[in-house]
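Here is the structure we will look at, set down as structure tokens.
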Amino acid sequence: MDMNEVKEIARKTMSKRKSHLNRERGFIYYHGQRVANLAMNLRKSLFPNESTMDDIIYAGALFHDVTKGIEPHHLTGAELVHTLLNGACSSEELAGISEIIRHHNTRKQADSPDLPYYMKLVQDADILDHFGSMEIWLKFVYSGNNEENVFDAIQLWDSENYAEYVASSREALNYELSKDIFDQKLIFVEQFQARFRAECNGEILLQHR
């Protein structure tokens, strides 16, 4: 696999595209980069002796949302990647990349097949990138695009729908390490939310030195 060419194709294909009205231009490209790096870090921690699939993991993660907005994007993306990466990958590599894309959002469904470890890594990395500091960024971008005020954000965080979303996202994770990372991200977000609520109400918050 020519990884430099794969990365360049990703940049040209996704870095300027706005796939969602409430996301910034190029989100799927930068999200894909983060998911690819997260997946690789998970692989090194969970499967330190399994490096043979690294290029396929990285490329599959990088392109997993390539057709976001053209739904069902896990299926349309799995097809399109054969055309996009035909000159940069072998047919065997393309098959693996395509299957990662096809299954990246079929998490723990009753009719889902038992997936290999490298597909589960990308699934977990995809979820994890939507939480922590990225979750806050996504919320603020959404609020800016929809003319919301600060209390609209607080109302979301206090809603049952948000609590259910957090719980279901954690439940969908495949590995205990992924859940540990998720929990650390959640602690950060909860701390941010608490401070945000306080400052929205004009409270004075001082740290003793």
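Points worth noting:
- When +1 charges are put on Lys and Arg Cβ atoms and -1 charges on Asp and Glu Cβ atoms, the dipole computed for the chain relative to its Cα centre reaches about 560 debye.
- Here the spin labels are modelled as points 7 Å beyond Cα on the Cα-Cβ line, and at residue 208 and residue 70 they lie 6.0 nm apart.
- Ordering 34-46, 139-151 by mean Cβ neighbour count within 10 Å, with the highest value first, yields 34-46, 139-151.
- Using alpha-carbon coordinates, inclination of helix 73-84 to the longest axis of the chain, degrees: 50 degrees
- In terms of its alpha-carbon gyration tensor, the stretch 3-119 comes out rounded; the largest-to-smallest axis ratio a/c stays below the 1.5 threshold.
- Prolate/oblate/rounded label for the stretch 4-55 (Cα gyration tensor, a/c 1.5): oblate
- The coefficient of translational diffusion for the stretch 109-209, derived via Stokes-Einstein from the alpha carbon Kirkwood radius under 25 °C and 0.890 mPa s, stands at 159 µm²/s.
- Of 106, 119, 85, farthest towards positive along the dipole that unit charges on Lys, Arg, Asp, Glu beta carbons give the stretch 10-136: 85
- Cα-based helix-to-principal-axis angle, 160-171 vs the chain, degrees rounded to 10: 40 degrees
- Between 0 and 90°, nearest 10: helix 176-200 axis offset from the chain longest Cα axis: 30 degrees
- By the beta-carbon count within 10 Å of each Cβ, the least crowded to most crowded order of 74, 208, fewest first, is 208, 74.
- Each principal axis of the Cα cloud of the stretch 61-145 was taken in turn, and the coordinate range along them, longest first, works out to 42, 30, 21 Å.
- Once the convex hull of all Cα atoms in the chain is built, its volume per residue stands at 150 Å³.
We did not get these values from a lab; they are worked out from the coordinates using the rules stated. These figures come from a predicted structure and were not determined experimentally. Please note: Cβ atoms are built from the backbone with ideal geometry, for glycine as well, and neighbour counts cover all protein chains shown.
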